[in-house]
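The values are calculated or read from the model by the stated rules, or taken from the named source; none is laboratory data. Note that the coordinates shown come from a computational prediction; the quantities given were computed from them, not determined experimentally. Reconstructed Cβ throughout: ideal geometry from the backbone, glycine too, with neighbour counts over all protein chains shown.
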Amino acid sequence: MYSMINIPLLTAIVTQIIKLIIDGIPNNLNWQYLLNDYGGWPSSHSALTASLTLIAGLENGFDSPIFAVCFVLMLIVVRDAIGFRREIGKNSTLTNTLAQELFPANPEIKLREKIGHTSFEAISGIIIGVILAFAFYGLMLYL
């Protein structure tokens with residue numbers, strides 16, 4: 001049972017570290033990418049839920065209710081990352097542009113613009129989540 005907690009969390013951590021290396025190092029190793037990044041490649045939300053779904057299927061069967069719940073949760077998270085959160089990012093860009101024009105004396109008024117994911121980032125997150133889940137699950141069985 002703990003594998004359904006530990007493996008997805010490890011997957012999310014590794015995915016965030018990948019994101020830190022990809023996005024953080026070119027930006028002078030900005031640690032915000034490790035804890036506070038809601039966009040970019042790969043999607044750690046997609047990786048975490050894909051990992052959870054796979055582990056639920058491996059441990060409880062791919063015809064079990066727990067797998068079905070995890071699969072639906074994964075679809076919701078991925079759809080949210082690609083759709084809703086991405087639209088929030090677009091809205092933030094427009095709001096920042098308007099704020100700069102209306103309040104040029106207050107440059108600190110700035111919303112985070114990189115919130116959602118592209119389809120590529122989300123699908124990559126799913127693939128990485130599945131690969132890491134298999135690797136961690138195999139390692140757990142070996143130990």
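Report whether or not residue 46 is within 19 Å of residue 6 (Cβ to Cβ), in a helix (DSSP H, G or I) and modelled with pLDDT under 95.
yes
Only one of 73, 48 is more than 13 Å from residue 123 (Cα to Cα) and not acidic (Asp, Glu); which?
Details: 48 fails: more than 13 Å from residue 123 (Cα to Cα).
Result: 73 is the single residue among 73, 48 that is more than 13 Å from residue 123 (Cα to Cα) and not acidic (Asp, Glu).
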Exercise for the section: Being of a type in the set (Phe, Trp, Tyr) and in a loop (DSSP other than H, G, I, E, B) is the filter; apply it to region 1-40 and report the residue that is modelled with the highest pLDDT. Expected result: 2
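Which one is farthest from residue 57 (Cα to Cα) among residues in region 106-140 that are among the hydrophobic types (A, V, I, L, M, F, W, C) and modelled with pLDDT under 75? First the steps, then the outcome.
Quick first cut of region 106-140, residues among the hydrophobic types (A, V, I, L, M, F, W, C) only: 109, 111, 115, 120, 122-123, 126-128, 130-136, 139-140.
Next, only the ones that are modelled with pLDDT under 75 stay: 109, 111, 115.
Details: 109: 46, 111: 39, 115: 30 Å.
Among them, the one singled out is 109.
Rundown of residues vs (1) surrounded by 15 or more Cβ atoms within 10 Å (Cβ to Cβ); (2) part of a loop (DSSP other than H, G, I, E, B); (3) among the charged types (D, E, K, R); (4) in contact (Cβ under 8 Å) with a residue 24 or more places away in the chain, yes/no style:
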{"residue": "62", "(1), (2), (3), (4)": "no, yes, no, no"}
{"residue": "88", "(1), (2), (3), (4)": "yes, no, no, yes"}
{"residue": "94", "(1), (2), (3), (4)": "no, no, no, no"}
{"residue": "108", "(1), (2), (3), (4)": "no, yes, yes, no"}
{"residue": "124", "(1), (2), (3), (4)": "yes, no, no, yes"}
